[in-house]
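In what follows, a structure is listed as structure tokens, so that the remarks can point back to it.
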Amino acid sequence: MASRQYDLIVYGATGHTGKYTVDYLQENAPTDLKWAIAGRNASKLSTIASDLKTLNSDRVQPGVEAINHDPTDLATLAAKTKVLISCVGPFWKYGTPVIEACVNAGTHYIDITGEIPWVYDMINRFHERAVASKTVLIPQCGIDSAPSDLIAHLLVRYIRSHYNEGTLEVVNCIHAINNTVSGGTAATALSIADAYSPTYLLKSMAPFALSPVRPIAAQKQLPANRGSILNRLKGYVKVPELGLLTDWLGNGIDSPIVQRSWGLFDGGALYGRNFKFVVWLRAPSPIRAILQAWFMAIAGLFVILPPTRWLLKKFAPQPGEGARGDKAKDYFVRYKALATSDSGKRVVASLDMPADLYYWTGVLVAQAALELLRGGESKAKNDGGILTPSTLGEGYVDRLASAGLHFKLQSVAS
């Protein structure tokens, strides 16, 4: 990549997650990093730049790039940097011209979206062009869906290295959580049904729709026999190593990314031809599990129906709003996952994230950008295209460990 004015630009620095991202970079990025904050509000950007000086006055201060969100300004912005982090959503509304600008400029791109229908569209429109230029584009590199993708990938590699087998299934779960959604997340979730037709939503969110390799029929079945009539009626399933597990909204966001990773790595050969993945929520009792399953069903219906969707928008937090400081000091999430090999061997993984999930999203995208800029060889750099967090390789996992995210894996005794 030719010499450019900046190594990294964070676009959308004035939003809730954007602020976490730039704060983290100011405190933790290499002191010789040439970077900038960008957005549409020059006054807000200047205020943020002033605030950043108080966090770490010893490092190079970021540039300020105030732009209009139009193709001309976005093209100029993308051409100024080697890597661009986008925190500007909803991505179905604002993200496409940013992706196009990065592809045209050969600028690596990372974002925080969780909008599977939009990612599906971007793959169809820009993946092949990005492959041709070896431009790396990694959507869903925040809490959606980097933890699940990395957990699944590390489990798959553990099983390959220890047992020389494929992985039959990975059951990931939110083992415990205390967090709230930001206004931007709420607005995006409620706008997806406005942006796409029901037919398109079904097509783009179908099992393995994001994978470059078509699955076999068995891969579309739910792991842990969750798809049986009895378990569907109960609304939960019991997995001894994980507990009582019920439906979780994030499954529809994380599973497609993990399924894309399955297809990207050796056409599914690394993970195994029978590989399945799911994310569920651990429930403390059968009653709570049943209530959660019903809540998920009713919430989905409320989002789909225009009158109730309109009502939800009235009471949801507004974009830019979200807990910070003391209000978020007790937030956390704990992941725990069980992988089963083709022959039945089992491996457990865990990941603790002891802070606000939006803080960790900032960490995840910042470290992904630094890995692209300063890291070694990886599948992402070698291949280019619209990829997944796990394609950044071991260097990315090591960077996250240095930031306080430790993935722990252990075989389960037979």
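The values are calculated or read from the model by the stated rules, or taken from the named source; none is laboratory data. None of these values were measured; they are calculated from a predicted model. Reconstructed Cβ throughout: ideal geometry from the backbone, glycine too, with neighbour counts over all protein chains shown.
The helices (runs of 4 or more DSSP H) falling completely within the range 1-94 include none with 3 or more residues that are outside the structural domain of Pro117 (by TED's automatic domain parsing) and in contact with a strand residue (DSSP E or B) (Cβ under 9 Å, 6 or more places away or on another chain).
For (1) closer than 23 Å to Arg260 by Cα; (2) at pLDDT 95 or above, each residue gets a yes or a no:
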site: Gln367; (1), (2): yes, yes
site: Leu373; (1), (2): no, yes
site: Lys381; (1), (2): yes, yes
site: Thr388; (1), (2): yes, yes
site: Glu394; (1), (2): yes, yes
site: Leu400; (1), (2): yes, yes
site: Gly404; (1), (2): no, yes
site: Leu409; (1), (2): yes, yes
site: Val412; (1), (2): no, no
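Restricting attention to the range 153-167, the residues that are out of contact with any Asp or Glu (no Cβ under 9 Å at 6 or more places or on another chain) and within 30 Å of Asp121 (Cβ to Cβ) add up to 4.
Among Pro97, Pro117, Pro90, which is the only one that is over 25 Å from Glu371 (Cβ atoms) and surrounded by fewer than 18 Cβ atoms within 10 Å (Cβ to Cβ)? Walk me through how you get there before you give the answer.
Values: Pro117 fails: surrounded by fewer than 18 Cβ atoms within 10 Å (Cβ to Cβ); Pro90 fails: surrounded by fewer than 18 Cβ atoms within 10 Å (Cβ to Cβ).
The unique qualifying residue is Pro97.
Any chance you could count how many residues in the range 216-264 are out of contact with any strand residue (DSSP E or B) (no Cβ under 7 Å at 6 or more places or on another chain) and surrounded by 19 or more Cβ atoms within 10 Å (Cβ to Cβ)? Final tally of qualifying residues: 6. Flag set for Tyr335, criterion: among the hydroxyl-bearing types (Ser, Thr, Tyr) and either out of contact with any Gly (no Cβ under 8 Å at 6 or more places or on another chain) or without any contact (Cβ under 8 Å) to a residue 60 or more places away in the chain (or both). Which of the residues spanning the range 268-291 are of a type outside the set (Phe, Trp, Tyr), buried (at least 20 other Cβ atoms within 10 Å of the Cβ) and touching a strand residue (DSSP E or B) at 6+ places or on another chain (Cβ under 7 Å)? The answer is Gly272, Lys276, Val278, Val279, Leu281, Arg282, Ala283, Ala289.
Could you pull out the residue among Glu371, Glu377 that is of a type in the set (Asp, Glu) and either touching a Lys or Arg at 6+ places or on another chain (Cβ under 8 Å) or part of a helix (DSSP H, G or I) (or both)? Answer to the selection: Glu371.
Per-residue answers, yes or no, for (1) at pLDDT 95 or above; (2) of a type outside the set (S, T, N, Q); (3) not in a strand (DSSP E or B):
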{"position": "Ala130", "(1), (2), (3)": "yes, yes, yes"}
{"position": "Gln140", "(1), (2), (3)": "yes, no, yes"}
{"position": "Ile151", "(1), (2), (3)": "yes, yes, yes"}
{"position": "Ile159", "(1), (2), (3)": "yes, yes, yes"}
{"position": "Thr180", "(1), (2), (3)": "no, no, yes"}
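Entry remark, the range 129-184: residues being among the β-branched types (Val, Ile, Thr) and closer than 30 Å to Pro317 by Cβ number 7 in total.
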